[in-house]
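Enquirer: First the structure, which I've put down as structure tokens, then a few questions once you've had a look.
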Amino acid sequence: MKHILKPLLIICLYELSKAITYEIIVRKQANDMVDVPRDYEVSR
């Protein structure tokens, strides 16, 4: 039983850290300011 739990725990921790890292990257990139080009006028 112990031989099964250790690899399973490692896989679970790997997948969890991958998901957390992805969320951190997405949230950091979502806050970037986008510069509006000045060469044309936007009319609403």
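Enquirer: List the residue pairs whose Cβ atoms are under 8 Å apart, where the first residue sits in segment 3-25 and is assigned to a helix (DSSP H, G or I), the second is at pLDDT 95 or above, and the two are 6 or more positions apart or on different chains.
Expert: That search, which allows pairs on different chains as well, returns nothing.
Enquirer: Could you check the chain and list, in sequence order, the residues that are among the small types (Gly, Ala, Ser) and at pLDDT below 95? Give the steps one after another, and end with the answer.
Expert: First, the residues of the chain that are among the small types (Gly, Ala, Ser): 17, 19, 30, 43.
Once the filter is applied, which keeps residues that are among the small types (Gly, Ala, Ser) and at pLDDT below 95, the chain yields Ala30, Ser43.
The values are calculated or read from the model by the stated rules, or taken from the named source; none is laboratory data. It should be emphasised that the depicted structure is a prediction, and the values quoted were computed from it without experimental measurement. Note: ideal-geometry Cβ built from the backbone for every residue, glycine included; neighbour counts use all protein chains shown.
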